[in-house]
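None of the figures in this text is laboratory data; all of them are computed from the coordinates on show. Computed from a prediction, not measured in an experiment: that's the story for all the values here. No Cβ is skipped: glycine too gets one built from the backbone with ideal geometry, and neighbour counts run over all protein chains shown.
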Amino acid sequence: MQDEVLVNAVDIARMADVGRAAVSNWRKRFDDFPQPAGGTASSPAFSLSEVERWLRDHGRYVEVSPLERLWQRLRSSTDDLRLGEAVTHVGAVLLGERPKLDNALVGEIHKVGRMHGAVAAFDEICARYIDLHSRRLLITPPSVARLMTAIGGTAGGRILDPACGIGTVLLESHGSRVSGQELNENAAGLAGVRLRLHGYEAQVEAGDSLRADAFGGTQFDAVVCNPPFNERGWGYEELTSDPRWEFGLPPRGESELAWVQHCLAHVRPGGLVVIMMPSVAANRRPGRRIRGNLLRSGTLRAVISLFSGAAPASSGPPDLWVLRKPLEGDEPPSDVLMVNAGQDLDLAELAWRAYGNKTELPENSRVVRIIDVLDEEIDLTTSHRVVRQEPTSGYFALSDRLSSVMEELRFPRIAARPRRDLAMTNLGELVRAGVVTVMQGPPKPAEGGKLSLLTTKDLLLNREPTGRTDVAPGIVRIAKGDVIASLLLTSGAVPRVMTRAGDVLGPQLLLFRTDPDRLDPYFLAGCLYSESVTAIRHGSMARRDPRRAALPRLPIEEQRRYGKSFAQLLELENTTRALREISDNLVVAGIDGLLEGSLTPE
């Protein structure tokens with residue numbers, strides 16, 4: 001059975017903890033490298049057992065974990081178009097169901113489930129599937145999904161996502177009951193299994209939500225949706241007289257406005273809809289009548305501009321529209337919130353909370369009078385409405401800050417030497433040997449309290465903890481020398497060796513606690529950084545698997561020498577990142593000030 005399992009160059013690189021180029025070089029340099037056993041000329045596949053034998057013979061073998069072996073078995077069992085169905089079957093087995101699968105494969109799934117736990121095992125398999133099909137699946141980034149559900153107030157409610165994909169947004173909802181519909185049958189099946197494994201009471205139906213609504217007549221506490229963009233075949237001809245078009249018949253080229261009204265038809269009075277929209281939907285002329293009606297009725301409550309990549313279906317930065325279905329007798333509000341959040345998702349949530357509580361708004365957000373928007377264009381583009389920082393003072397403050405940071409630049413002393421191939425190990429082996437312990441805090445720590453909480457944004461910005469939490473089961477206290485890294489490889493956060501104790505580990509972060517006599521924490525931090533850079537280069541959106549991080553086998557004295565250089569380089573990365581951000585803002589402030597007349601050339 002093992003000989004039937006095939007792997008490609010990317011799989012071999014991951015198993016051996018090397019780059020894909022190294023596998024290509026091995027094929028050219030070594031005559032005994034296994035010959036292709038399948039695949040195509042441009043993407044050959046090799047026998048896993050032959051590859052393992054070759055890696056052992058050449059001293060490059062890294063133990064293939066049972067989970068990795070299961071993933072390769074799944075990939076070899078079907079073609080890529082039906083791989084999602086195979087992943088769904090894995091989830092069904094872990095749920096205690098019995099789909100039609102080979103008995104040996106079922107046993108392998110149960111073994112991996114016992115080793116890792118059913119949820120963690122399935123999440124890892126699912127992450128590999130998402131990584132492989134990231135362009136085809138168009139997954140909402142988890143951070144954006146969390147923002148959508150936080151703004152929508154989905155926790156504890158009955159929630160609908162009518163374009164749910166594989167359930168990414170619903171997975172972050174913490175709803176009491178969740179429902180979804182998805183056009184692709186395999187994706188719908190996978191979404192249902194994911195949600196049930198994570199403890200949700202879930203109903204996910206396959207089908208076209210606009211043409212064949214699986215939840216017709218049902219209203220929910222909140223609706224969250226990241227619909228397909230620019231779909232000209234959404235059903236304009238068949239649905240012309242549909243009762244859902246309360247705010248106007250969506251133009252043929254404005255499918256997103258059909259989705260907006262579909263979502264509103266499914267939310268109870270007083271409930272919220274949070275929907276992703278392409279930025280052009282804010283100002284396209286054919287949609288102005290519907291935009292105007294949404295504003296006049298007080299239904300559209302906020303437009304929040306995000307960053308490129310927040311909606312993989314969009315080539316540019318998308319917007320979040322927040323809509324509230326009015327209660328009977330409600331007085332229509334006179335204003336709408338506009339936020340230019342970009343990458344700062346915390347700002348988006350903070351602005352929405354402040355707007356609802358009628359407290360002071362953060363910068364890059366503004367309350368706009370609806371009457372000021374109801375002109376001929378009804379343009380909801382946030383950059384036209386949000387007042388930017390006064391450039392005069394900003395320019396000189398940024399200049400001073402730039403000079404100060406440049407003085408902090410320090411370069412490590414590193415010498416050239418002939419290249420050498422280092423024997424490698426991985427974190428999985430070191431965990432099993434008791435050299436390092438990996439910990440993760442609760443996904444939703446209590447808000448407020450007396451304890452300092454290190455957040456993902458704190459790690460990204462290299463600052464002290466800004467969150468607050470309280471003592472609760474499952475919290476992880478940080479000790480001096482612990483290495484903290486982001487759970488998401490592509491977050492851009494630099495791993496940090498902590499210099500103080502007592503803070504609490506926030507969600508989406510991993511803590512690595514080493515035996516300092518056998519593994520230097522700064523050496524580990526440099527290796528974790530290398531792993532994240534590799535993921536970014538390959539465009540991976542998978543969650544971090546600690547067993548994949550590769551480390552050279554070095555004596556502790558040599559680790560400490562390397563660790564000192566790694567620490568200096570990571571500090572240099574943080575400093576240069578600050579320089580890039582300050583210089584970008586300085587250029588914008590200078591040009592704006594010169595054009596607006598508040599600055600003048602000398």
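How would you classify the range 403-526 from its alpha-carbon gyration tensor, with a ≥ b ≥ c the square roots of the eigenvalues: rounded for a/c under 1.5, else prolate if a/b is greater than b/c, otherwise oblate?
Here the range 403-526 falls in the oblate category.
Tilt of helix 48-57 relative to the longest C-alpha principal axis of the chain, in degrees (0 to 90, nearest 10)?
Once rounded, the angle reads 50 degrees.
Counting helices only, and only those DSSP H runs with n ≥ 4, report the 222 nm mean residue ellipticity of the chain as the sum of -39,500 (n - 2.57) divided by its residues, in deg cm²/dmol to the nearest 500.
Only helices count here, giving -12000 deg cm²/dmol.
With an 8 Å Cα cut-off and a minimum separation of 6 or more residues, compute the relative contact order for the range 138-384 in percent.
About 17 percent, as a whole number.
Classify the range 2-134: rounded, prolate or oblate, from the alpha-carbon gyration tensor (a ≥ b ≥ c, eigenvalue square roots; a/c under 1.5 rounded; otherwise prolate if a/b is larger than b/c)?
prolate
What is the helix-to-structure angle for 391-407, meaning the angle in degrees between its Cα long axis and the longest Cα principal axis of the chain, kept from 0 to 90 and rounded to the nearest 10?
Here the helix axis deviates by roughly 10 degrees.
Based on the mean of other beta carbon atoms within 10 Å per residue, what is the order of 203-212, 92-101, 221-230, most packed first?
221-230, 203-212, 92-101
With Rg/Rh (Cα atoms, Kirkwood Rh) in mind, check (i) 0.96; (ii) 1.16; (iii) 0.99 and report the label derived from this structure.
Here the calculated entry is (iii).
Where does the charge balance sit around residue 350 when Lys and Arg score +1, Asp and Glu -1, over other residues with C-beta under 12 Å from its C-beta?
-3
What order do you get for 430-442, 20-32 when each peptide is scored by the mean count of other beta carbon atoms within 10 Å, highest first?
Ranked by mean Cβ neighbours within 10 Å, highest first: 430-442, 20-32.
What percent does the relative contact order of the chain come to when contacts are Cα pairs within less than 8 Å and at least six residues apart?
9
Provide the packing ranking of 136-143, 305-312, 67-74, i.e. peptides ordered by the mean count of other C-beta atoms within 10 Å per residue, highest first.
In descending order of packing, they fall as 67-74, 305-312, 136-143.
State the Kirkwood hydrodynamic radius of the range 251-388 in Å, one decimal place, computed from all pairs of distinct Cα atoms.
Mean inverse Cα-Cα distance, inverted, gives 15.1 Å.
What's the tally of Lys pairs in the chain whose alpha-carbon atoms lie under 21 angstrom apart, where the two lysines are 8 or more places apart or on different chains?
6
Expressed as an acute angle from 0 to 90° and rounded to the nearest 10, what is the orientation of the C-alpha long axis of helix 66-77 relative to the principal long axis of the chain?
So the inclination is approximately 70 degrees.
Report the Cα-based extents of the range 138-384 along its three principal axes, largest first, to the nearest Å.
Cα spread of the range 138-384 along its principal axes, largest to smallest: 46, 40, 40 Å.
Only counting other Cβ atoms within 10 Å, I'd like 87, 587 sorted with the fewest neighbours first.
Least to most surrounded, the residues fall as 587, 87.
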